[in-house]
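Just so it is clear, none of the values below were taken in a lab; they were calculated from the coordinates. Since this is a predicted model, take the numbers as computed values, not measurements. With ideal geometry, Cβ positions are generated from the backbone for all residues, glycine too; neighbour counts draw on all protein chains shown.
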Amino acid sequence: MRTARDMGLVGCTRCMRVAPLGTALCPRCGSILHSRDPMALQKVWAWWLLGLGCYIPANLYPMLETRTLVSTQSDTIVGGAVTLAQHGNWGVAFIILVASVVIPVAKFLVLAGLAFGVWRGTRLSKARQHLLYEIVEYIGRWSMIDVFVVAILSSLVQLQALATITPGRASLFFALSVIFTMLSAQSFDSRMIWDSARPPDDQEDRQP
Amino acid sequence: MTQTATPPPEPPVTPAGRDLIDRISVIWLVPLAALLVVLGVAWQAYSERGPLIEIAFDNASGVRAGTTELRYRDVTVGMVEDVSFAPGLDRVLVKVRVDQEVAPYIDGDAQFWVVRPQVTARGVTGLGTVLSGVYIEGLWDNSPGAAVTQITGLPDAPLERVGQDGLRLMLRAQGRASLVEGAPVVYRGIEVGRIGRPRITADGASAEAEALIFAPHDRLINSATRFWDTSGFSFSLGPAGAQLDFSSVAALVSGGVTFETMISGGTAARAGDDYTVYPEESAARASLFRGDDSEVLTLSAVFEDNIAGLTVDAPVEWNGLRIGQVSALNGVVDEDRFGDGRVRLLVDLAIRPGRLGLEGGAGRDTALEYLHESVARGLRARLASASLLTGGLKIELVDVPDAPPAEIETIEGGDLLLPTTESEIADVSATATGVFERINALPIEEVMAEAITLMQNANALVSSSETRDIPGSVNALLDETRGVIGAPEVQALPARLDAVLTEMETLVAQIAQEALATKLSTALTDASAASQGVSDAVSGVPDLVARLDAVAQKAESVEIDALAAELTELIRSADALIAGEGAQALPGTLNATLEELRSVLAQLRQGGVVENATAALGSARDAADTFAEAGRDLPGLIAEAEAVLAQARGTLAGYAADNGVGRDARAAMREVERAARAVSSLARAIERNPNSLLLGR
């Protein structure tokens, strides 16, 4: 199999026009053309770090502050899930735990693993790596469901004295964390998975 | 796919490792910026955070680290960071991170307390803390001071509130007055202050509480101000009808205190001054004229007698002035001090020095000094009757002039023991009982019964027809008596009696002349003849004389007795007698009697006795002649005869008038005279005293 790069071409990632290798700017949309972004991994790591940094306070600070007539409750993400579980809402607790803890953490791990694999090589097959990448990219946006829930609750439950729900500080950090991990995932160039997997004497070179 | 003719051109690869800047992506600036922001925020937070102060509370109920706030004027100025125990676990230390801007104001006089929900009769406070949890309220003044890090928190909210300055007073409840925490101090219906938490005074005699009078109302307080309790209600039934008083419903339930400055001229109050809270307004007003009652000098006195009737609050008087009251009564047995194991009465006296009227302020010490001097001069305490009716006792301080020396002793426990003297208790009940018994013993009922009987008898007597007739009968009797006395015969009676007497005088004269003067010589001559007989006769004369005397006396007495009996009889039968014909005929009979008397006298004069006497004398002369003839020379005989004659003469001189008919006539006349006199005296007596007829006297 031949890549565009093998054929001396470079594809524009925006308008998908193919230009001869060495062209600096896309002749159609004018964006900068790179066969591979040399800074891609750095970007991945930078966003990843930011996302992780935001994820720490997102778990330490309360996500939601519920102020009712008789009590004021502020729960962190995990604490809220535990509270729900204690009250028997296993389903909701599971969803929250998956959406807010499992997925982001998995995302961090997968992104880090992919980036590390590109950098140092990995035993995972390329196809599996690519599948993971696609899952991460697809599912990453769903992490925002937590933030959406907080936003909706905060805007709906404003009954002044009776009950008030305000987003906690963690919700902001959580949203930032999600955004940064999405950026990190976007920065990852899936072609690098394949690049690293190909030795200099490619199979396709040896193909007839 | 076929092999292309032209080999693919070498892709222009950007040479790597040329420069660090070229090799590092710009994207790293983003996490760098984030890091900077984080560091900046952290530094700012650190640099702006205030000091940590440590507040010690008795308990930390509701205080939670990281949640409980410190508020000042209801603005959060700090947050509890830690709750822990003080060493020894006796206190709870609450560490509060205070905002830097208020930290300088938290100095030594800052106060902290935990605001908790409170439901009292006056309302609900701290309701917000039910929902939000407790918070710590701080109070400090507006001037920065030296920072402190360790402060003891208050168990309750202080009286002061932010922005409410005021005057702190100490209120002391008297009698039934009650002090309730948080109760208002009301003046003319406006709350001008608040009462703090009451506590029992050190001597246990009353309750006291701090009170705060808010500015500017504190200028209403001066030394002439009196406080009284307005809680509860008073019900009075008087000439104006029934009256129910209570100041407000809140005060009715929760208590309250009001005050008034009764008289002008008091000095301004200072912070911490003591004031007494009286149970009611009248007591507060009365206190103005009793001086300051706040100070009490407690003395003790031991009385030998255990006498019932002395009670707590019995008055202690000095010269009639009430200077205090009995505060406690106890028995005391102290064998060492008194020498026996008897129970004695130990009385505690609460003396109000203010009532002694001493100069230079009536302090406790001044009063005690004065009492020491007075005791040295003879002042003693004694029990005395306070009320005659109830038998209640009081303590009197009296000066005993010659009392044995004594002084105020200090006994164990620091009590001061006042010397006592004998009690003066008027046992009124005993005296009264005696009087009543005596009255009871009087036979009042018998006396009354007899009096009633007497009255009835008198009534019957007076109302009887006979009694009514008495005046008429008496009148008739008097008239008749008057008629008897006024009769001409009775009137003529004295004249006739006079005539009788004259005649009797002449008769006696004749007898004397004829018998003695003319016939004496013959009598002498005849005496010798009679001498013997005379001598014989003479021996019986003394007997005769004595008998005569007795007879005369007897006759007199008998006559008087008989006359009295006769008079009595006469009085009894006066009606009949006077009305009878005999009385009417009395004058006539008298006349007849006198006539007979005159005829008897005439006969006497005509011959009778005189002739007989003459004859007797003649025979005597004959006898004498015979003597002379027979023995003239017998001088002894003559002398004897002379003696006989002398004796005879004496006898005759003594009894001549009484002898013979003369005596009889005289006695008869005397009787008549007496009868007449009796009648006249009777008449006079009846005239003078008509009721003598009734009474018999």
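With viscosity set to 1.306 mPa s and temperature to 10 °C, compute the Stokes-Einstein D of chain A, Rh being the Kirkwood radius across alpha carbon pairs; µm²/s, no decimals. Answer from the Stokes-Einstein relation: 81 µm²/s.
Near residue B:59, within a Cβ-to-Cβ distance under 15 Å, what is the net charge of the other residues, with Lys and Arg +1 and Asp and Glu -1? Taking every other residue near residue B:59 into account, the sum is 0. Listed by Cβ neighbour count within 10 Å, with the fewest neighbours leading, B:85, A:180 appear as B:85, A:180.
The distance between label points at residue B:460 and residue A:87 comes to 11.9 nm (points 7 Å beyond Cα on the Cα→Cβ vector). A simple spin-label model places pseudo-atoms 7 Å from Cα toward Cβ; at residue B:147 and residue B:313 they are separated by 6.0 nm. When only Cα pairs below 8 angstrom with a gap of at least 6 residues are kept, segment B:166-290 shows a relative contact order of 34 percent. 3J(HN,Hα) along segment B:207-214, derived from phi through the Karplus expression 6.51 cos²θ - 1.76 cosθ + 1.60 where θ = phi - 60°, amounts to 9, 9, 8, 6, 9, 10, 9, 5 Hz, with x in place of Gly and Pro.
In Å, what Kirkwood hydrodynamic radius results for segment B:47-152 from the alpha-carbon pair distances? It is 14.1 Å.
Near residue B:204: Cβ cut-off under 14 Å, other residues only, Lys/Arg at +1 and Asp/Glu at -1. The net charge is -1. When chain A is treated as a GNM, springs tying every alpha-carbon pair under 10 Å, which of A:156, A:52, A:97 comes out with the largest mean-square fluctuation? Top of the fluctuation ranking is A:156. Label-to-label distance, residue A:29 versus residue B:448, with points set 7 angstrom from Cα along the beta-carbon direction: 14.3 nm. For chain A, averaging the sequence separation of C-alpha pairs within contact (under 8 Å, six or more residues apart) and dividing by the residue count gives a relative contact order of 29 percent.
Annotation: for a label point projected 7 angstrom from Cα along Cα→Cβ of residue B:86, residues of segment B:51-65 with backbone N closer than 13 Å are B:54-60. Other residues within the sphere of radius under 9 Å centred on the Cβ of residue A:118, judged by their own Cβ, net out at -1 (K and R +1, D and E -1).
Computed on segment B:47-152, with alpha-carbon pairs under 8 angstrom and 6+ residues apart, the relative contact order is 33 percent. Between segment A:111-126 and segment B:62-115, the alpha-carbon centres lie 54 Å apart. Each residue of segment A:129-134 was assigned a 3J(HN,Hα) from its phi angle through the Karplus expression (A = 6.51, B = -1.76, C = 1.60, θ = phi - 60°), giving 4, 5, 4, 4, 4, 5 Hz with x at Gly and Pro.
The Rg/Rh ratio for segment B:166-290 is 0.97, where Rg is the radius of gyration of the alpha carbons and Rh is the Kirkwood radius. Applying the Karplus relation 6.51 cos²θ - 1.76 cosθ + 1.60 with θ = phi - 60° to segment A:148-161 yields 3J(HN,Hα) values of 5, 4, 4, 5, 5, 4, 5, 7, 7, 8, 10, 9, 6, 6 Hz, where x marks Gly and Pro.
What number results when the radius of gyration of segment A:1-67, computed over Cα atoms, is divided by 2.2 N^0.38 Å? Intermediate values should be presented prior to the final figure.
Working: Rg = 19.9 Å, N = 67, 2.2 N^0.38 = 10.9 Å.
That ratio works out to 1.83.
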